[in-house]
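Undergrad: Just dropping this structure here.
The values are calculated or read from the model by the stated rules, or taken from the named source; none is laboratory data. All values reported here derive from a predicted model rather than from experimental measurement. Note that each Cβ is placed from the backbone with ideal geometry, even for glycine, and that neighbours are counted across all protein chains shown. Just the protein is used for accessible areas: all its heavy atoms, side chains included, with ligands, DNA and RNA removed. Shrake-Rupley method; radii C 1.70, N 1.55, O 1.52, S 1.80 Å.
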Amino acid sequence: MATPAPLENEQVQTFQKLNTTLHPRKNSTSVIDVFSSNKLAVGSVLILMLVFAFAFLGPLIYHSDQASTNLALENLPPSSRHILGTSPTGKDELGRLMVGGQSTLEVGLAVGLLSTTFGLVWGTIAGYIGGAVDALMMRIVDAMLSIPFLFFVVLLAAIVTPTVPLIIFVISAVSWLSTARLVRGETLKIKTYDYVIAAKGFGSNNRHLIKRHISPNVLGTLIVNGTLKVADAILIFASLGYLGLGVAPPATNWGTILAAGVNNIFNGYWWQLWPAAVLIILTVLSVNVLGDAVRDVFERRLARR
Amino acid sequence: MGGYLLRRTIQALVTMLAVSVVVFIVLHLLPGGLVRAQLGSKATPLAVHVLEKQEGLLRPLPIQYWIWLTNTVSGNLGFAYKLNQPVSSLIGEYVPRTFMLVGISMLLAVSIAIPVGLWQGSRRNRVDDHVLSSFMLVLYSMPTFLLGVVLIVVLNLWLPVFPSTASDYGTNLTVDIRDLALPILTLTLANVTYFSRYMRSSVIDNLLEDYVKTAKAKGASKGRVLIKHVLRNSLNSTVTLVGLTLPYTVSGSLIVESIFDFPGAGLLFWNSAQTRDFQVLLGVVLVISAATVLGNLLADILYGVVDPRVRSK
């Protein structure tokens, strides 16, 4: 499609200028203001920073042997040598939680990013084009959504040996679906807004419309959704670890550590169970609280406009 | 209502067809195909070729799909090589137990979540609302298996009320209800958090609507407004939510069944994943998904019954 004629371009600019004078956007400090007034949200950010530091910086300070299996050291209670005791294979639990945290956080973030991106693209295209294309694209999403996802993931994990990139791919393969649905709904709504119709009337092409007008307006919903996807991915990854489909040793994740603790639950080896449990709950809880806080920020900004 | 029913039924059928295509594609994504999975990685090329020919795997894919689909529809889901029996008879034995588990849990979850959500929504931002919300959020942030483990620790290890395993279920003729308590409780709690959060915000939204003001202005008591007006309107969206969360709950049953050794579709599936019995895996995925689509359809029809506006859309 050809570029809009100069006159039309000018009109667009005037329209945009008028729009900004009529509805002055709050500058970015207000977002931080709204956010920092929410003590829970600030607390959850702090906790998440601590968890990240624990997983990625912790091993630099606290050295432990995570490579070799030492049967003489298995299931030792906490002591000065092993602050949180040892695992069923004789590895230092605290060090193991750090290593396991790395893969857990990596999977969470990567799935959040990947599924959000893919869901955004899929949902926008379906919602924007509409008609038969939309129907086909959404039926595919419906079909995949009706497959109980854990069965699907276990099936895929049974076919191939799980590695971190693969698990990211597998969880993303089920995680993008609801995002796509959400984005499509938003796109359908935004498509009918006056300014989009106006921009269309001024001769904006599809790409410009999607990039300038539709995507930015889905952003708020998308960020909240992406945050919750991170939490979901951590939970699914943990469940996979419990089902014995986590990453192969010596790599580990919190779910796998927890699963080992569960096996020893009747032996009273509490150090193999509760630290991992607390870490998972704390991380997922913080991400969820953060998501809710971000939603509040966007909703308040919308209400103020 | 007729047109709405027909439209939704056709949609469900199309969805089921799409599910079958997805499963069929996965079947052919298997490294080396089903034959390799069946004969092992050390099979000679000749043996592989013979079996491929015998199973019709050398024909064009669309024809294979058609044969597989007609077989599936007529109830032939293949043969479980590791368990040495037809997949359909395995499914007939294990899947109904999962339906029971999921069904009871969903019912319990809804009947707990609706009053809790109504209570919280009507007492928004009071202390009791905050306490309940925090409790629900902690439950919500737990992996299902951890929830099950916590329940085992509390209700079996500390207070020996319920057994920690349901493995006797299905083998004994007399069923001890207490065996099922923990699996059902785990799955119920996992859903209550989700439903009550939703119900709460739905109630809050509805309380701001004009019809509530009208009802109050006409002198209706707070209780009457809640029960007669807000509850009904909030129920609508919760019913759809039940349909939408069905796949998640069925997923949860996979976890719950493996924690408590409950002999349902989830445990069958998990054991088959360990032994790589792919015919069972695909059969279970197909049946479970079809059941989920059906459950969704039922929820939508129910939604149409509850809310007349939906039918005309």
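Undergrad: Tell me the angle of helix B:61-73 to the major Cα principal axis of chain B, expressed in degrees between 0 and 90 and rounded to the nearest ten.
TA: Relative to chain B, helix B:61-73 is tipped by roughly 60 degrees.
Undergrad: OK, next. If you look for lysine pairs in chain B that are eight or more places apart or on different chains, how many of them have Cα atoms under 23 Å apart? Please report the intermediate quantities before stating the final value.
TA: Values: B:Lys42/B:Lys53; B:Lys42/B:Lys82; B:Lys53/B:Lys82; B:Lys213/B:Lys222; B:Lys213/B:Lys228; B:Lys216/B:Lys228; B:Lys218/B:Lys228.
Eligible lysine pairs with Cα atoms under 23 Å apart amount to 7.
Undergrad: Taking each residue in B:142-155, count the Cβ atoms of any other chain within 10 Å of its Cβ, then average. What number comes out?
TA: Across B:142-155, the average partner-chain Cβ count within 10 Å equals 5.
Undergrad: Taking the mean number of other Cβ atoms within 10 Å as a proxy for protection, how do you rank A:206-213, B:116-123 from highest to lowest?
TA: Going by the mean number of other Cβ atoms within 10 Å, highest first, we get B:116-123, A:206-213.
Undergrad: Return the distance in nm (one decimal) between the two label points of a simple spin-label model at B:Glu209 and B:Val73, each offset 7 Å from Cα along Cα→Cβ.
TA: 4.2 nm
Undergrad: How high is the relative contact order of region B:245-302? Use alpha-carbon pairs under 8 Å, at least six apart in sequence, and give a whole percent. Walk me through the numbers on the way to the answer.
TA: Details: 29 pairs, mean separation 16.7, N = 58.
Relative contact order comes out at 29 percent.
Undergrad: Kindly state, to the nearest 0.05, the FRET efficiency for B:Thr275 paired with B:Val138, given R0 = 25 Å and r defined as their beta-carbon distance.
TA: Once rounded, the FRET efficiency stands at 0.10.
Undergrad: What is the mean number of Cβ atoms from other protein chains located within 10 Å of the Cβ atom of each residue in peptide B:248-257, rounded to a whole number?
TA: 4
Undergrad: Also, I was wondering about something else. Based on alpha-carbon centroids, what's the gap between region B:197-245 and region A:138-214 in Å, whole number please?
TA: 31 Å
Undergrad: Next up: Looking at chain B as a GNM with Cα springs under 10 Å, which of B:Asp205, B:Asp129, B:Asp261 has the largest mean-square fluctuation?
TA: Most flexible of the set in this elastic network: B:Asp205.
Undergrad: Amide H of B:Phe79: which non-local residues (sequence gap of 5 or more, or other chain) have their own amide H closer than 5 Å, using H built in the peptide plane?
TA: Those qualifying (amide H under 5 Å, at least 5 residues apart or on another chain) are B:Val87.
Undergrad: Using a probe radius of 1.4 Å on protein heavy atoms only, what is the accessible area buried between chains B and A, both sides summed, to the nearest 100 Å²?
TA: That pair of chains buries around 3900 Å² in total.
Undergrad: Quick one: helix B:265-275 against the long Cα principal axis of chain B, what's the angle to the nearest 10°, folded into 0 to 90?
TA: The helix B:265-275 is inclined about 40 degrees to chain B.
Undergrad: Would you please put A:282-290, B:151-159 in order of how densely packed they are, using the mean number of other Cβ atoms within 10 angstrom per residue and starting with the highest?
TA: A:282-290, B:151-159
Undergrad: Accessible surface of A:Lys200 in the full protein assembly, 1.4 angstrom probe, to the nearest 10 Å²?
TA: 110 Å²
Undergrad: Kindly tabulate the residues in region A:132-149 with an accessible-area decrease of at least 40 Å² between the chain alone and the assembly of all protein chains, using a probe of 1.4 Å.
TA: By number: A:Arg139, A:Ala143, A:Ser146, A:Ile147, A:Pro148, A:Phe149.
Undergrad: So how tilted is helix B:45-54 from the main axis of chain B? Cα-based, degrees 0 to 90, rounded to 10.
TA: Rounded to the nearest ten degrees, it is 70.
Undergrad: Between A:Asn263 and A:Leu50, what is the label-to-label distance in nm when each label sits 7 Å out along the Cα-to-Cβ direction?
TA: Placing both labels 7 Å beyond Cα along the Cβ direction yields 3.1 nm.
Undergrad: For peptide B:293-305, compute the average count of partner chain beta-carbon atoms within 10 Å of each residue's beta-carbon.
TA: That works out to 1 on average.
Undergrad: If you don't mind, there's one more thing I want to ask. In percent, what relative contact order does chain B have, based on Cα pairs under 8 Å that are 6 or more apart in sequence?
TA: 28 percent.
Undergrad: Now for a different question. Compute a Gaussian network model of chain B, connecting alpha carbons closer than 10 Å, and tell me which residue from B:Asn84, B:Asn71, B:Asn296 fluctuates the most.
TA: Comparing B:Asn84, B:Asn71, B:Asn296 in the GNM, the peak value goes to B:Asn84.
Undergrad: Further question on the same structure: Calculated FRET efficiency, A:Thr161 and B:Asn125, Cβ-Cβ r, R0 41 Å, to nearest 0.05?
TA: Working from the Cβ atoms, E equals 0.25.
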